[in-house]
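The values are calculated or read from the model by the stated rules, or taken from the named source; none is laboratory data. Everything numeric in this text was worked out from a predicted model, so none of it was measured. Note that we place each Cβ from the backbone using ideal geometry, even for glycine, and neighbour counts take in every protein chain shown. Remember, those area values only see protein heavy atoms, side chains included, never the ligands or the DNA or RNA. Shrake-Rupley method; radii C 1.70, N 1.55, O 1.52, S 1.80 Å.
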Amino acid sequence: MNTTRSDKVALVAGATGIVGNQLVKTLLHEGWEVIGLSRHALPHPDNIPIVTVDLLDAQNSAQELGQLPNISHIFYSAWVNASNWTEMVEPNVRMLRNLVSNVERVASLETVSLMQGYKVYGAHLGPFKTPARESDPSVPGAEFNAAQLAWLSDFQRGKAWHWNAIRPGVVGSTVSGNAMNLALSIAIYASICRSQGLPLRFPGSEKTWHSIVDHTDAGLLAKATVWAATSSTAKNQAFNVNNGDIWRWSELWPHIASWFQLECAPPVRLSFQQMFKDYQLTWHDVAKRNSLNMADILRLSDGQFADFVFGWDYDMFGDGSKLRLAGFSQIQATDEMFFNLFRYFRELRLIP
């Protein structure tokens, strides 16, 4: 590992994920040195150096992270799943603690950026106050994002470095094969409908059809995350990060149908997970006819996250004004975000 300290050296946990992948690209574009963390020794598509570490293991974390004295900024978007919300708290706090405490021992940290979400507002529990604001009081009960921030803010107290907590809406990303890529799941669904001569039926309930869900373009999220990590007005602050516009599905869905040259049909609650299983052979034929790069539909998306999103029969959006008032002014039209992603998937021969 190079021991010559450059001005900005980012350590990205979750570098291949739906958030981290674009963050790495943005950091590199802006001239940062970037190092990724991974539990498994896998190459990164941007050829950044990867440190293999098990953040659940205190001894392994101390050994591997103690060799990184040049780190100036930590960007944390890793997480580990469990069978329920309560059981997710301890391992996810442990991973963050092992990372930050061990890097802090050997490096002159400036910022730790923690990727969160609207679960801190109780979004995973059912209908909650919208628009959600960073000043809203905490929600009782076990939730790992809130527990991580509680530990981080307490650990940082009295130290020279600072933290940020970044809270995006549903992220629009180019990363394929990731369970949380909603745009790709929609694109696959629309492609199936075209192949079967079907309209693009909205896959949620009537309540979901009329609900508001805000979205966050991965590129905009990456830029906002880097801005917060380097801005004097963002120290020890949490920020909602969304595109800056508001859509109901009843407004957005017809535009998506039109882009795929499909008729729009009324809502019926559908399961993407079941649909993608049902159409595995159909997709194989679609892929063959259109020379697509992936004939296995379940390797593109298992549909689970899409089912989660279209199961929300309540509003799911936050107030993004605090971020803009603090100095980050970029916005992204959500309909154009989807169209750009659909074009990208088509160019990569992921959809016909």
Quiz item: Which one of these does THR216 not meet: (1) over 22 Å from the mean Cα position of the chain (by Cα); (2) of a type in the set (S, T, N, Q); (3) under 21 Å from GLN304 (Cβ atoms); (4) open to solvent by less than 20 Å² (accessible area, probe 1.4 Å)?
Solution: (1)
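Which one of LEU298, LEU325, LEU341, LEU348 is under 24 Å from GLY244 (Cβ atoms), open to solvent by 30 Å² or more (accessible area, probe 1.4 Å) and not polar (S, T, N, Q)? Don't jump to the end; show me each part of the working.
Numbers: LEU298 fails: under 24 Å from GLY244 (Cβ atoms); LEU341 fails: open to solvent by 30 Å² or more (accessible area, probe 1.4 Å); LEU348 fails: under 24 Å from GLY244 (Cβ atoms).
Result: LEU325 is the single residue among LEU298, LEU325, LEU341, LEU348 that is under 24 Å from GLY244 (Cβ atoms), open to solvent by 30 Å² or more (accessible area, probe 1.4 Å) and not polar (S, T, N, Q).
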Exercise. Return yes or no: is VAL241 at negative phi and in contact with a helix residue (DSSP H, G or I) (Cβ under 8 Å, 6 or more places away or on another chain)?
Key: yes
Quiz item: How about the range 36-53: which of its residues are surrounded by fewer than 21 Cβ atoms within 10 Å (Cβ to Cβ) and either within 21 Å of the chain's Cα centre (by Cα) or on the phi > 0 side of the Ramachandran plot (or both)?
Solution: SER38, ARG39, HIS40, LEU42, PRO43, HIS44, PRO45, ASP46, ASN47, ILE48, ILE50
Practice problem: Starting from the range 84-101, keep only residues that are crowded, with 21+ Cβ neighbours inside 10 Å, then list their pairs with residues that are assigned to a helix (DSSP H, G or I) whose Cβ atoms are within a distance under 6 Å, requiring at least 6 positions of separation or different chains. | Solution: ASN92/PHE144; LEU96/GLN148; ASN98/ALA58; ASN98/SER61
Quiz item: Here is a list of conditions, (1) in contact (Cβ under 8 Å) with a residue 60 or more places away in the chain; (2) part of a helix (DSSP H, G or I), and PHE155 meets all of them except one; can you say which number that is?
Solution: (1)
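Does GLY318 satisfy the criteria of being of a type outside the set (A, V, I, L, M, F, W, C) and touching an Asp or Glu at 6+ places or on another chain (Cβ under 9 Å)? Steps first, answer last, please.
Values: of a type outside the set (A, V, I, L, M, F, W, C): yes; touching an Asp or Glu at 6+ places or on another chain (Cβ under 9 Å): yes.
It is true that GLY318 is of a type outside the set (A, V, I, L, M, F, W, C) and touching an Asp or Glu at 6+ places or on another chain (Cβ under 9 Å).
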Quiz item: Are any residues in the range 176-197 open to solvent by 20 Å² or more (accessible area, probe 1.4 Å), in a loop (DSSP other than H, G, I, E, B) and out of contact with any Asp or Glu (no Cβ under 9 Å at 6 or more places or on another chain), and if so, which ones?
Solution: SER176, GLY177, ASN178, MET180, GLY197
Practice problem: Write out, first by first residue and then by second, each pair whose Cβ atoms fall under 7 Å of each other, whose residues are 6+ apart or on separate chains, and whose first residue, in the range 130-145, is in a helix (DSSP H, G or I) while the second is among the basic types (Lys, Arg). | Solution: ASN145/LYS119
Exercise. Would you mind telling me which numbered condition in (1) touching a strand residue (DSSP E or B) at 6+ places or on another chain (Cβ under 7 Å); (2) modelled with pLDDT of 95 or more; (3) within 26 Å of SER232 (Cβ to Cβ) GLY117 fails?
Key: (2)
Quiz item: If GLN59 passes every condition in (1) open to solvent by 20 Å² or more (accessible area, probe 1.4 Å); (2) more than 19 Å from TRP227 (Cβ to Cβ); (3) in a loop (DSSP other than H, G, I, E, B) but one, which one does it miss?
Solution: (3)
Quiz item: Which condition number does LYS119 fail, the rest of (1) open to solvent by 50 Å² or more (accessible area, probe 1.4 Å); (2) under 19 Å from the mean Cα position of the chain (by Cα); (3) in contact (Cβ under 8 Å) with a residue 60 or more places away in the chain being met?
Solution: (3)
Self-check item: Those residues of the range 241-279 which are open to solvent by 10 Å² or more (accessible area, probe 1.4 Å), under 13 Å from SER191 (Cα atoms) and assigned to a helix (DSSP H, G or I), in sequence order
Solution: SER258, TRP259, MET275
Quiz item: So which of ASP319, ASP307 ends up being charged (D, E, K, R), buried (at least 18 other Cβ atoms within 10 Å of the Cβ) and within 22 Å of the chain's Cα centre (by Cα)?
Solution: ASP307
Practice problem: Give me the pairs, please: first residue somewhere in the range 335-352 and farther than 20 Å from LEU292 by Cβ, second residue anywhere and open to solvent by 80 Å² or more (accessible area, probe 1.4 Å) and in a helix (DSSP H, G or I), beta-carbon distance under 7 Å, and either six or more positions apart or on two chains. | Solution: ASP335/HIS255
